[in-house]
Structures are given as C-alpha cells and as structure tokens.
2 protein chains.
Amino acid sequence: MDVLIIGSVAYDSVSSPEGAVENALGGSATYAGLSAAFHDKMRSGGGVGLVGVVGNDFTDADYKLLSDAGLDISGLEVADGPTFRWSGSYHGNMGEAETHETHLNVFEHFQPKVPEESRSPKVTFCANLHPALQASVIDQTEPTRCTILDSMNLWIDIALDDLRAVMARVDLVVLNDGEIRMLAGDENLVRAAHTVREEMGGGILIVKRGEHGVLALHPEGMIALPAYPTATVVDPTGCGDTFAGTLASLLAAGEGDIGRNELKHALLHATVTASFTLMSFGVGAIANLDPEQYQERLESFKHIIGG
Amino acid sequence: MDVLIIGSVAYDSVSSPEGAVENALGGSATYAGLSAAFHDKMRSGGGVGLVGVVGNDFTDADYKLLSDAGLDISGLEVADGPTFRWSGSYHGNMGEAETHETHLNVFEHFQPKVPEESRSPKVTFCANLHPALQASVIDQTEPTRCTILDSMNLWIDIALDDLRAVMARVDLVVLNDGEIRMLAGDENLVRAAHTVREEMGGGILIVKRGEHGVLALHPEGMIALPAYPTATVVDPTGCGDTFAGTLASLLAAGEGDIGRNELKHALLHATVTASFTLMSFGVGAIANLDPEQYQERLESFKHIIGG
C-alpha cells in the first residue's frame, strides 16, 4: 500500500455565493483519499487505503464512488448511528468557512483500527481529526517512508497538548496560515512558521495559504508557490485535504529523505489538484478528474509561475 | 532619460508594532525614484527624473539624499507652504495602513510641469497621485517605450471617472488587490483583474498583493509570483511604489512590445527590491541598498520559487 489515510468521512451541507449543496459526501479522508487515488492510478502505484468510520446511513452510491476510485475501504468501519455531519458557508472572497453546525455522530466513540495488512504503508497520512485519534494510528503503523499530519484550528483551541505531542512525532506537518499564526502567537507568517517548525523538532512544515499559495519550510531552504489563479471559485471545502492527499501520494513514489526538489514537484501537483476541488461543490470534480485535463492545467500552471 | 516619475514627495509619520517614525522623507515619487535610480545605476542607464512639488520646509539633507541617489530633480518644484504630510499606522499582520491624517499642503494647487528636456523618456511612470495630475503629465510626455500608472483607493472613491480615463491611456497599470476588487465590484481577484484589464482596453495589468505576491495579466498569459518571504516586516509604506519604480526602470532597459518573459524578469526584481523597503522605516533601506546584498537576495528568491 502506498498511502494509508486516517480522517473523517462526512456528509457536508455547504453554501457559497455560487449556490448550495445538502448532505454531499465530504470529509478530510474522502477528499484526501480521492486525490491520492487519482495520482496513485496515474502512476500505477501501490494503492490508497482509508481508515475511518461511517454511520449506517452511508449510501450505497457513496460506497461505490469510493471503491470505483480504487480506494481500499477495508479500514472504513460502519457504526450504529448517523454519519458525521458538517454544515458551513462561505462569503466574500471565500477565504474561510463559517461553520454552522458540527455533529460528530459516529465519530464520538470511534477508535481507529488499522487493518493488519495496511500497517506498513509507504506513507501514513493523518488527515484532519482529533489529535488523539491521529496518535493512535501512528502507534499502529510503521510507514516505510514518512508520516504526514494535517489539523485544524478547533484542535488548537480544545486539544493543544495532544496536537503538539502528535506534531512532534511526524515527518511533515501541513497547516494553514491562520493555524500557524495561532500556534506561534505571531502575526508574521514566516517567523511564525519557523517557530512552529522548531517546536516540531525540525522536519518539514507546509503552510497552506489558500488563494495565496503555499510556503514550505524544508531543511534545505524555503519554497514559495502561488495558488493556481482561477476565476471559478465555487466551494473551497476539501481543498486543503485534496492538497495534502496529493502530497502524500506523490511522496509515496520516492525513497529515503524527502528532497527539496522532490517536495517542490509534489507541491506543484498538490496546488493544481486542489484547484479542481475548488471549482465545484462536493467531491465530483476530484472523483471524475480527467488525466488529460489535469495534465493541461499542470502545464498551464508551470507556465504561469515559470520563467 | 530612462524613467520620468511623477508622484508625491512627502513627510510621513508612521507607526507599526516595530516602532514609529516622525516626519520621515516619503511619498510615492520618492520611493519609486530611489528604487528606479538604484537599478538605473546598476546597469549604467540613462537616468531617472522626478516631477513633483515640495514645500519650503523641505530639508537640505533630503535634497542631498535625492541628488546623491543620482535623481534628476530639476522637475521638483518648490512652492510656498509646507510639504505634503501623511500619517498612518499598521497593525496585526500589517497588510494595510490605517490613515490618520493627510495634509495636501503644497499639493493642493500643484500643476505639474515636465521640464523640456525630460519630455521623451523611455518610460513615463505616473506614481500614485490625483488622476487629473497624472493625465496632465501624460499630455506633456512622449515616452519612447511605455507609460505606467499606479493609483490608490482614495481616487476610486473620489475621482473614479478621471481614474478610468487615465487608465485607458496607459500601457501598464499597477494596482493592489483591494483596488482591483473595488474597481470591478467583484470579490474574485482573477475575475476582477480580467474585468479591469478589459475596461483598460487591454495592455498589461499588474495586481500587487502585498505579502501574497503579485499577479500579472499579460496578453500572452498570466504570471503569478509569491512575495519574498521575510520574517522582518517593519514598515510596508512605500513597498508598492518601490515595486512599481523598479518595474519602470527594468522596462526602460528594453525595446518594442513588453514581452511576457521580460515582464516576469522585471517582476522578480520588483519583488526583491520591495522586500528591502519593508524592512525599515522610511527610505533608508532603499537609498542605501548595497548591490551585493541585493544580488544575494535576488538569487535566494530565485531559489525559493525556482525548480
């Protein structure tokens, strides 16, 4: 297995200036899984597995969507109760979601169990989830290359010690700019990122900046990339998960220490893949991503940022 | 003459979380002029001239600073009264200045007169100033390569028709992201930029995004660059003027239509030059910029964004 992903599988209700959607398949593991699976398929990789929980209301169509994408869902538990639900809206320049409701539902008592045959993936990716659950998955896996961790402001607010502990155990942390500023208590993003990376004990820190691109702190120096400039922003939900899932899949293709050029290459792909998620509600764009259209946009992005 | 710059020469009082300064030399023409002069000197160019007005309180030290930088100040009028004054402050991530006071003083009755020998520069740069005054300078000059225009939100608020008229007369417009959104009435920056460029009747549109970099719309396609990521942000005043002044000087070195690669090269230099202005109060950093230190940061920036 190339990538094992632990995270949420959810039904999202989202509105933005471009429209609205009710109870659409979402969640951090779903977006990350579908994007990792897309890249895994492109290079005939070793597969992508999900660990998570859904309720008994999870639809057959959604099981099929995950399987059709090539995802190994043997680690997707079914629990008695409704699937995790999130609702939110985007306004103005859609930089940040306003959360209306979060219902943990089956996540409330979830204890992740990594299937025996998935315990040595190349990459373990802990997508956004309570840091204690992320720690449990780190305990259960021995990835041959690296462990990647994402999180969100909620856990900085209510589980900071757990989050700091788990951040110190991984090779690569992915957070957004607001979270980095919160963690460091510093409005200067570059200074804040250096502080957070030191607290992690080194390693690689990726700062997602939404429409402003990405900043990466690698032991061999920083990398800065703009976002893919697009006039079509429909729903940013899942963009960060898409970004990180792509990163996980690209890094599963290499060996040894993660080189700076390798990371740059992976960030290019992550940026372009996330730009598709942005352009429609839900996971449709990423689940049905056409490799040719993808390649075209990748070349266009290289042209936009290139010499 | 390579570049003729019309704009404000001012005494600024600025405070930021990093400190404060009172009545320091500033103004759009000053920052743009000093940065253009730095690049002009680096390549032994044809010189940079300023058109503007100062009061009879303008100090000998400041005249000397401008002359020492190699600027032609024969177009800098002295009027009876105090020099233009601006005061403002920066807070939080210092993305935007809060203006406390603006005293036009000698600018109130200023009518720009371009010296006879400065009427055919390679590039005319209309730095931020009332659009009617910018128009007057465009009437008086016949640049051999191009005219560049900068502006600010104030003129969108109080002189929109004048601004639109002057924007349609130039080859290249430089505005910041907030101004582009205001002009187009659209929160999506990429869409807004395309709208504004169409209203200009084509040409090149540069969208300054402060700490988020720059987006350029060129007839042969977009260019996106991140900002130089720096942990030292002391005073953003004049960064946009430094950026545009550099652009003007770099473009004065070429001939014919402005190519996309040429523009990209100029934007790299503009980004790096502006990063020096950011790192101290007032014009000191840009007036005393060391070419070796500059070259070093340029190489570092190329590494940060490069392959």
Taking the conditions exactly as written (at negative phi, touching a helix residue (DSSP H, G or I) at 6+ places or on another chain (Cβ under 7 Å), crowded, with 22+ Cβ neighbours inside 10 Å and not hydroxyl-bearing (S, T, Y)), does A:L65 satisfy them or not? no
Looking at A:G92, A:G88 in this structure, which one is modelled with pLDDT of 95 or more and over 13 Å from A:L50 (Cα atoms)? A:G88
Six or more apart or on different chains, Cβ atoms under 6 Å: show the pairs whose first residue is in segment B:103-114 and more than 10 Å from B:G81 (Cβ to Cβ) and in contact (Cβ under 8 Å) with a residue 12 or more places away in the chain and whose second is assigned to a loop (DSSP other than H, G, I, E, B) and of a type in the set (S, T, N, Q). B:V114/B:T141
Name the single residue that is modelled with the lowest pLDDT among those in segment A:231-265 being surrounded by fewer than 24 Cβ atoms within 10 Å (Cβ to Cβ) and among the small types (G, A, S). A:A231
Restricting to segment A:174-195, and then to whatever is over 13 Å from A:V214 (Cβ atoms) and away from every other protein chain (no Cβ under 13 Å), can you tell me which residue is farthest from the chain's Cα centre (by Cα)? A:L183
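Residue-by-condition table, conditions (1) aliphatic (A, V, I, L, M); (2) over 18 Å from the mean Cα position of the chain (by Cα); (3) closer than 22 Å to A:I5 by Cβ:
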residue	(1), (2), (3)
A:A32	yes, no, yes
A:H39	no, no, yes
A:S44	no, yes, yes
A:D72	no, no, yes
A:V78	yes, yes, yes
A:G92	no, yes, no
Test result for B:A20, in contact (Cβ under 8 Å) with a residue 12 or more places away in the chain, touching a Ser or Thr at 6+ places or on another chain (Cβ under 8 Å) and surrounded by fewer than 24 Cβ atoms within 10 Å (Cβ to Cβ): yes
For segment B:213-223, how many residues are surrounded by fewer than 22 Cβ atoms within 10 Å (Cβ to Cβ) and either over 20 Å from A:L225 (Cα atoms) or within 20 Å of the chain's Cα centre (by Cα) (or both)? 3
Residues in segment B:36-46: is at least one in contact with an Asp or Glu (Cβ under 9 Å, 6 or more places away or on another chain) and of a type in the set (F, W, Y)? no
Going residue by residue through segment B:288-307, is there one that turns out to be among the small types (G, A, S) and surrounded by 22 or more Cβ atoms within 10 Å (Cβ to Cβ)? no
So which of B:V214, B:V233 ends up being of a type in the set (A, V, I, L, M, F, W, C), in contact with a Ser or Thr (Cβ under 9 Å, 6 or more places away or on another chain) and touching a residue at least 60 places away in the same chain (Cβ under 8 Å)? B:V233
Kindly indicate whether any position in segment A:265-281 is over 21 Å from A:L215 (Cα atoms), more than 13 Å from every other protein chain (Cβ to nearest Cβ), outside any loop (DSSP other than H, G, I, E, B) and not acidic (D, E). no
Checking the conditions here, which among B:L66, B:L50, B:L25 is more than 14 Å from chain A (Cβ to nearest Cβ), at pLDDT 95 or above and farther than 29 Å from B:H265 by Cβ? B:L25
Candidate set from segment A:202-213 (those that are in a helix (DSSP H, G or I) and at the interface with chain B (Cβ under 9 Å from one of its Cβ atoms)); member that is modelled with the lowest pLDDT: A:E211
Return a yes/no flag: does segment B:130-139 have any residue that is free of Cβ contacts under 8 Å to residues at least 24 places away in the same chain, under 16 Å from B:G75 (Cα atoms) and away from chain A (no Cβ under 14 Å). yes
Taking segment A:282-297 and keeping only residues that are closer than 27 Å to B:E220 by Cβ, assigned to a helix (DSSP H, G or I) and either more than 14 Å from every other protein chain (Cβ to nearest Cβ) or among the small types (G, A, S) (or both), one is left with A:P291, A:E292, A:Q293, A:Y294, A:Q295
Restricted to segment A:82-92, and to residues that are part of a loop (DSSP other than H, G, I, E, B) and surrounded by fewer than 17 Cβ atoms within 10 Å (Cβ to Cβ), which residue is farthest from the other protein chains (Cβ to nearest Cβ)? A:P82
Please work out which residue is nearest to the other protein chains (Cβ to nearest Cβ), limiting yourself to segment A:214-263 and to residues that are of a type in the set (G, A, S) and assigned to a loop (DSSP other than H, G, I, E, B). A:A231
Collect the residues in segment A:108-124 that are more than 13 Å from A:Q134 (Cβ to Cβ) and not basic (K, R), keeping them in residue-number order. A:E108, A:H109, A:P115, A:E116, A:E117, A:S118, A:S120, A:P121, A:V123
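The values are calculated or read from the model by the stated rules, or taken from the named source; none is laboratory data. These numbers were taken from a predicted model, which means no experiment stands behind them. Cβ: placed from backbone, ideal geometry, glycine included. Neighbour counts: every protein chain shown.
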